[in-house]
Amino acid sequence: MIRPQHSPELRLPLPYLLSGMLAWVLLAAGVPLLGLELVAGFDDPRVFALTHLAVLGWVTMTIMGALYQLFPVALQGRVVASRLGRWNFPIYLAGVAGFVRLRHGGAVPRVTAQQLE
């Protein structure tokens, strides 16, 4: 039986879910802007940034928020380390934002086929 009284306070899963929605909005805005690069291939740094925004920003952030909300309810337990979950959010968010920014900015030099010859 599912018991909603086991759900954690809303300030634990909500930042993850809101950040996941923001990442989805950025992803939805970025796909049309990078349409030609997406069709041309996968070696463009902006395509890497968009891919990592989708996987790390949207999917993983939403999964983490859903797990914090649903696991205690479904398993009839409680989140033991909710403070750790609140500390994890800004660290993970900074990591994702920094990684996506570095990928978008082309921090790693792009090697073309002509340079390899």
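The values are calculated or read from the model by the stated rules, or taken from the named source; none is laboratory data. For clarity, every value in this text was computed on a predicted model and none was experimentally measured. Neighbour counts are summed over all protein chains in view; Cβ atoms, including those assigned to glycine, are modelled from backbone coordinates with ideal geometry.
For segment 13-29, check the following and say yes or no: at least one residue is of a type outside the set (Asp, Glu) and in contact with a Lys or Arg (Cβ under 7 Å, 6 or more places away or on another chain). There is no residue in segment 13-29 that is of a type outside the set (Asp, Glu) and in contact with a Lys or Arg (Cβ under 7 Å, 6 or more places away or on another chain). When the residues of segment 44-67 are filtered to those that are out of contact with any Gly (no Cβ under 6 Å at 6 or more places or on another chain) and of a type in the set (S, T, N, Q), the one that is surrounded by the fewest Cβ atoms within 10 Å (Cβ to Cβ) is 51. Of the residues 77, 35, 41, 85, which is closer than 21 Å to residue 18 by Cα and either of a type outside the set (Val, Ile, Thr) or free of Cβ contacts under 8 Å to residues at least 12 places away in the same chain (or both)? Among 77, 35, 41, 85, only 85 is closer than 21 Å to residue 18 by Cα and either of a type outside the set (Val, Ile, Thr) or free of Cβ contacts under 8 Å to residues at least 12 places away in the same chain (or both). Taken together, the residues in segment 44-80 that are at pLDDT below 85 and closer than 15 Å to residue 97 by Cβ amount to 0.
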